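The values are calculated or read from the model by the stated rules, or taken from the named source; none is laboratory data. The model shown is predicted, which means the values in this text are computed figures rather than measured ones. Here the Cβ positions follow ideal geometry from the backbone for every residue, glycine too, while neighbour counts run over all protein chains shown. Ligands, DNA and RNA are stripped out before the accessible areas are found, and what is left, the full protein with its side chains, is counted by its heavy atoms. Shrake-Rupley method; radii C 1.70, N 1.55, O 1.52, S 1.80 Å.
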Amino acid sequence: MERRELESRGYLVTPGFIDLHAHLREPGFEDSETIASGARAALRGGFTTICAMPNTEPAIDSPGLVTEVLARGRAAAAARVLPIATITRGRAGRELSDLIELSTAGAVAFSDDGSPVDDAQLFRHGLEYARTRDLLIIEHAQDMGLSGKGVMNEGVVSARLGLPGIPNSAEETAVSRDIAIAEMTGARLHLTHVSTRGAIAAIRDAKARGIRITCDVTPHHLSMTEDWVGGSREFAWERREHPAPTRTATPYDAATKVNPPLRGLSDVRALWEGLADGTVDAIATDHAPHASVKKDVEFDQAAFGISGLETALSLMLGGVAAGWADRDTVIRALTTGPAGILGLPLHQDDWVAIDLDVDWTVTPEALQSMGKNTPLMGRKLRGRVVYAVVGGEARYEGGLRGATPVGSR
């Protein structure tokens, strides 16, 4: 089906989205997701290219494993899958991986996501090594000493729930360190899933000083607050200052447990402000699917993460409808923004068609991903991808009026 035909029928046609940060769990955790299931879920969310994080078992720290991820991505015949390899061997933070060898094999960036490189000297060496070939380092900025055993944002809600908190300073001190080292080395540094007002301010200042730094934010940090852990189900733009929430759920839902944690309303507003003024370069899902055995436990014992590929667009369109950003800004953060960070051109033959007016309800059956761990279950959302083309080939159709479905297995 041609783009012009879909546009004439009232669909919004955009370049395919690029996700800088997705966990596909293969190899090692195929009970939570596989490269094939994640790549198919990505298409339903409008992502024609996804970058697979390396915190697998074994970690993606050898050329052979990079090659294997690429091969399995091609075999899935869904979204394009680009491997991110580790900064350090085994993500252990003791010795650097061979970044150049991994890049030659096909790795598009390097990250120990979930295991920040605590050793500042080693991190410096990693950035210096990366700079020799202008490679991209992606860092999960978190001071593990400050975050300790925290399981949600530190504040009034954590105190009320009796849960150990992760303070904003755990992110902000790490961001400041990373910026200083990036400035020292002149390397390209990308900070992923930024979540606090202070971190956004520091990145904005660093950019003004010419430091080669970029960042992304997630749909869940843009739409949900710490109150979701306490049982609220109101999006940030639906919140009022003091009245009790009109949408509620049972507190301690482990589907709201993420790292970095859902923050306060002022942090959420700062992320949107950063998106509007260009401080935030991209929206990335941090898609983190988990088997139910890792989530259907007590909150403090549950794994961190939200399954987010298929709900990302709808959440962002909700913020647009509320006037928190314009649609073009959001689309740029899903397309040209991440492409620029990776140093890749947008594929002209990757595109998606979006029905902006369709309502759909999040249910386990509605999600292609094996990970059903989202606090959005039962929630009605608006806007969904109905057609996706990768490399000129139609690979997903779901909801086009009068069409025969393809690629919806």
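Computed quantities for the displayed model
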{"item": "HN-Hα J in Hz across the stretch 285-299 - Karplus 6.51, -1.76, 1.60, θ = phi - 60°, x for Gly and Pro", "result": "6, 6, 3, 9, x, 9, 4, 4, 5, 8, 10, 7, 9, 4, 3"}
{"item": "Net charge of neighbours whose Cβ lies under 15 Å from the Cβ of K257, counting Lys and Arg as +1 and Asp and Glu as -1", "result": "-3"}
{"item": "Summed side-chain charge close to L161 - residues other than L161 whose Cβ falls under 14 Å, Lys, Arg +1, Asp, Glu -1", "result": "-4"}
{"item": "Taking only Cα atoms of the stretch 133-225, radius of gyration then Dmax in Å", "result": "14.3, 50"}
{"item": "Whole-Hz couplings from phi, Karplus 6.51/-1.76/1.60, listed for the stretch 192-203; x for Gly and Pro", "result": "9, 6, 5, 9, 10, 4, x, 5, 4, 4, 5, 5"}
{"item": "Model label zone, A71; criterion: amide N under 15 Å from point 7 Å along Cα-to-beta-carbon; scope the stretch 98-113", "result": "105-106"}
{"item": "Summed residue charge, Cβ within 10 Å of T192's Cβ, Lys/Arg positive, Asp/Glu negative", "result": "-4"}
{"item": "Cα gyration tensor category, rounded, prolate or oblate, for the stretch 34-153 with a/c compared to 1.5", "result": "oblate"}
{"item": "Pairwise label distance in nanometres, A180 with T336, each label 7 Å out on the Cα-Cβ vector", "result": "3.6 nm"}
{"item": "The stretch 39-80 residues near the modelled A321 label - backbone nitrogen below 16 Å, point 7 Å along Cα→Cβ", "result": "none"}
{"item": "Gain in span if fully extended, D119 to S266, counting 0.36 nm per residue against the direct Cα distance", "result": "49.8 nm"}
{"item": "Point-charge dipole on Cβ atoms (K/R +1, D/E -1) for the chain, about Cα centre, debye to 20", "result": "620 debye"}
{"item": "Accessible carbon and sulfur surface of the chain relative to its total accessible area, %, 1.4 Å", "result": "50 percent"}
{"item": "10 Å binning of all Cα-Cα separations within the chain, expressed as whole percents from 0 upward", "result": "5, 24, 35, 26, 9, 1"}
{"item": "Solvent-accessible ranking of K294, K149, largest area first, probe 1.4 Å", "result": "K149, K294"}
{"item": "Candidate lysines - alpha carbon under 29 Å from K295, same-chain residues fewer than 8 apart omitted", "result": "K149, K257, K372, K380"}
{"item": "Radius, Kirkwood style, for the stretch 1-100 when every pair of distinct Cα atoms is counted (Å)", "result": "14.6 Å"}
{"item": "Simple Cβ-charge dipole of the stretch 113-198, Lys/Arg +1 and Asp/Glu -1, about Cα centre, in debye nearest 20", "result": "120 debye"}
{"item": "Calculated diffusion of the stretch 194-310, Stokes-Einstein form, Kirkwood radius summed over Cα pairs, 4 °C and 1.567 mPa s, µm²/s", "result": "85 µm²/s"}
{"item": "Computed lengthening from R209 to R94, 0.36 nm per intervening residue step minus Cα-Cα distance", "result": "38.3 nm"}
{"item": "Relative packing of peptides 374-385, 202-213 - highest average C-beta neighbours within 10 Å first", "result": "374-385, 202-213"}
{"item": "Ordering of 106-117, 322-333, 167-178, 303-314 by packing [mean C-beta count within 10 Å, highest first]", "result": "303-314, 106-117, 167-178, 322-333"}
{"item": "Net length gained if the chain between E5 and V358 were fully extended (0.36 nm per residue, minus Cα distance)", "result": "125.2 nm"}
